[in-house]
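I am attaching a structure below and will ask some questions about it afterwards.
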Amino acid sequence: MKGMHGAIAQNFDAGRPSGRSVNASSNAPQRSAADALVVAIARHQDRDAFAALFQHFAPRVKSYLIRLGVSPAQADELAQEALVVVWRKAALFDPSQASAATWIFRIARNLRIDALRRDRRAAAYEPDPSDAPEPPPTPDVHRAQRQRDERVRAAVASLGADQLRVVQLSFFQDCPHAEIAETLGLPLGTVKSRIRNALQKLRAALEESQ
């Protein structure tokens, strides 16, 4: 199962925001690598699939939000929140309706709108990301992804005990931040900071190993 996830994780780039609305009358998007990872999370709570999805989409979602006028700090927080939503609501994803990339960017856009409403600012509509077919994976892609899987496992193993605990509670046990704070007897800000620092450490470790 993990080999399948590894083979598909390289082919992500379809569905980036392009400033064009998705044509509702077009054919259902083809099954993409990102689609398969979301399905793996929904069916098996696959941690390697989530790590690969996070590594690819978190920086892209952050950049997308910054282009929409969100501050870098808030964009980082909203990108993290969007990927948490993906983990918790993966079972709601329907690849016959939209690609995983479109779904993820839509989640991020909706979170941005909610933030604007909380700040009592007007929320303007933003177009959905477009979707595009993906090339089939090559033997080189398979080999590269096996190496990526090894890097993901090594990066997770590099986390300190405190960081690993909050990541496990947040992503793998679906605990809200407030519940984690109560369980561990920590301030809410400390929990958020540990999760953010852990994810940044994972991202840096993965980038350094490439």
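Fewest to most neighbouring Cβ within 10 Å: what's the order for T138, T183?
Result, fewest neighbours first: T138, T183.
How far apart, in nm, are two points set 7 Å out from the Cα along the Cα-to-Cβ line at A161 and at R196?
So the label points at A161 and R196 sit 2.6 nm apart.
If one computes the Cα centroid of segment 51-75 and of segment 174-206, what distance in Å separates the two points?
18 Å
Quick one: if you stick a label point 7 Å off each Cα along the C-beta vector at D174 and R153, how many nm between them?
Computed distance between label sites D174 and R153 equals 2.7 nm.
Could you tell me the calculated FRET efficiency between A204 and R117, based on Cβ-Cβ distance and R0 = 25 angstrom, to the nearest 0.05?
0.15
State, to one decimal in nm, how far the label point of R43 lies from the label point of R88, with both points 7 Å from Cα in the Cβ direction.
Between R43 and R88, the label points sit 2.5 nm apart.
Treating only the Cβ atoms of Lys and Arg (+1) and Asp and Glu (-1) as charged, compute the dipole magnitude of segment 158-210 about its Cα centre; round to the nearest 20 debye.
Using Cβ point charges on Lys, Arg, Asp and Glu, segment 158-210 gives about 140 debye.
Calculate one ³J(HN,Hα) per residue across segment 189-203 by plugging θ = phi - 60° into the Karplus curve 6.51 cos²θ - 1.76 cosθ + 1.60, and present them in order as whole Hz with x for glycine and proline.
Each residue's phi maps through the Karplus curve to give x, 5, 4, 4, 5, 5, 5, 4, 5, 5, 5, 5, 5, 4, 4 Hz.
In the calculated pair distance distribution of segment 158-210, what percentage of Cα-Cα distances lie above 18 Å?
The answer is 29 percent, as a whole percent.
For a quick protection proxy, order the peptides 151-160, 92-101, 37-46 by their average other-Cβ count within 10 Å, most packed first.
Per-residue mean Cβ counts within 10 Å order the peptides as 37-46, 92-101, 151-160.
Where a number appears in this text, it was derived from the coordinates with a stated rule and is not lab data. Owing to the predicted nature of the structure, the values given are computational and were not obtained by experimental measurement. Glycine gets a Cβ as well: all are built from the backbone with ideal geometry, and neighbour counts include every protein chain shown.
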